[in-house]
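Below is one structure, written out as structure tokens; the observations come after it.
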Amino acid sequence: MTSTAKALKLYYYPHSGPSRIALLTCRYLGLDVQVINVDLGKKEQLSEEFVKINPQHVVPTLDDNGFVLWESRTIAQYLVETYAPESSLYPKNDTKKRALVNQRLHFDCGTLHWKVRHCAHPLLFFGETVIPESAKQGIRDVCALMEVFLKNDEYFAGHEITLADISIYCTLSSIVHTGADIKPYPLLSAWYKKMEKLPGWAENEEGCKLYAQRMWDKMTEPY
Ligand SMILES: N[C@@H](CCC(=O)N[C@@H](CS)C(=O)NCC(=O)O)C(=O)O
């Protein structure tokens, strides 16, 4: 781990979609953050130093002047509530709007992220060399569902970008870079293209490329 001092520290690994959710939220809000790389490939998360900070040893982990927090979407919510409470990223005054953002964040964490993991984990951790067809079907199913979510709204929780978009984008882009095709879903594809304007987009791309390469290194046939 390498570091230079700043109040806000983000323990981060670029391949990790959840890490990128926290980073892109910082970038969107223009926060001055010290990004500290924790190389999961080298198991740096298990170092005594990091486990002392986060006994669950996961990235992303935020350290805000001694206040330590993990879970990417919780970090994103905390950052908006603390540093930009008026931001439309996480609507404050309209409980219905905020509830919709929350629902989409839980959808990302509990559904989309798990579908992506179902593609990745057999290869990354269990010696498989081909993404199971059931996992690819899971991605198609969840894309079809997201197409429905976008039927009436330009973004995932209304007509403005919210944390839901950042979160879903960081998760989905990992598997798109690996080879999943979202062209059959026109609304999702159009939304995905719009996300190129996100602050920190290039950093997300960089991380996705590393993630995809790690997958391709294990794959004996294309996605
Ligand atoms: N739900 C968590 C997931 C965090 C997570 O599992 N991070 C992985 C990388 S994507 C990690 O740090 N794994 C290392 C470990 O469990 O030791 C979040 O959204 O932050």
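The values are calculated or read from the model by the stated rules, or taken from the named source; none is laboratory data. Keep in mind that this is a model prediction, so the values were computed, not measured. Cβ coordinates were reconstructed from backbone atoms using ideal geometry, including for glycine residues, and neighbour counts include every protein chain displayed. To get the accessible areas, we keep the full protein, side chains included, count just its heavy atoms, and leave off ligands, DNA and RNA. Shrake-Rupley method; radii C 1.70, N 1.55, O 1.52, S 1.80 Å.
Apart from one condition, Pro184 fits all of (1) open to solvent by 40 Å² or more (accessible area, probe 1.4 Å); (2) not in a loop (DSSP other than H, G, I, E, B); the exception is (2).
Go through region 8-34 and count every residue that is outside any helix (DSSP H, G or I) and open to solvent by 50 Å² or more (accessible area, probe 1.4 Å). Total meeting the criteria: 3. Applying the set (1) modelled with pLDDT of 95 or more; (2) surrounded by fewer than 16 Cβ atoms within 10 Å (Cβ to Cβ); (3) more than 24 Å from Leu150 (Cβ to Cβ) to Glu221 leaves exactly one unmet item: (1).
Residues in region 67-126 that are open to solvent by 60 Å² or more (accessible area, probe 1.4 Å) and under 18 Å from Ile175 (Cβ atoms): 6 in all. Checked against (1) within 14 Å of the ligand (Cβ to nearest atom); (2) in contact with a helix residue (DSSP H, G or I) (Cβ under 9 Å, 6 or more places away or on another chain), Lys43 passes all but a single condition, namely (2). Taken over region 127-170, the criterion of being among the hydrophobic types (A, V, I, L, M, F, W, C), in contact with a strand residue (DSSP E or B) (Cβ under 9 Å, 6 or more places away or on another chain) and open to solvent by less than 10 Å² (accessible area, probe 1.4 Å) is satisfied by Ala164 alone. For region 56-78, taking the residues that are out of contact with any helix residue (DSSP H, G or I) (no Cβ under 6 Å at 6 or more places or on another chain) and either aromatic (Phe, Trp, Tyr) or within 11 Å of the ligand (Cβ to nearest atom) (or both), the one that is nearest to Asn102 (Cα to Cα) is identified as Thr74.
Here's the yes/no breakdown for (1) out of contact with any His (no Cβ under 7 Å at 6 or more places or on another chain); (2) touching a residue at least 40 places away in the same chain (Cβ under 8 Å); (3) within 27 Å of Ala212 (Cβ to Cβ):
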residue	(1), (2), (3)
Asp32	yes, no, no
Ile36	yes, no, yes
Leu46	no, no, yes
Gly66	yes, no, no
Pro85	yes, no, no
Leu100	yes, yes, no
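Please indicate, with yes or no, whether at least one residue in region 82-101 is aliphatic (A, V, I, L, M), in a strand (DSSP E or B), more than 10 Å from the ligand (Cβ to nearest atom) and touching a strand residue (DSSP E or B) at 6+ places or on another chain (Cβ under 8 Å).
As a first pass, look at region 82-101 and keep what is aliphatic (A, V, I, L, M): 84, 89, 99-101.
Narrowing further to those that are in a strand (DSSP E or B): none.
No, that holds for no residue.
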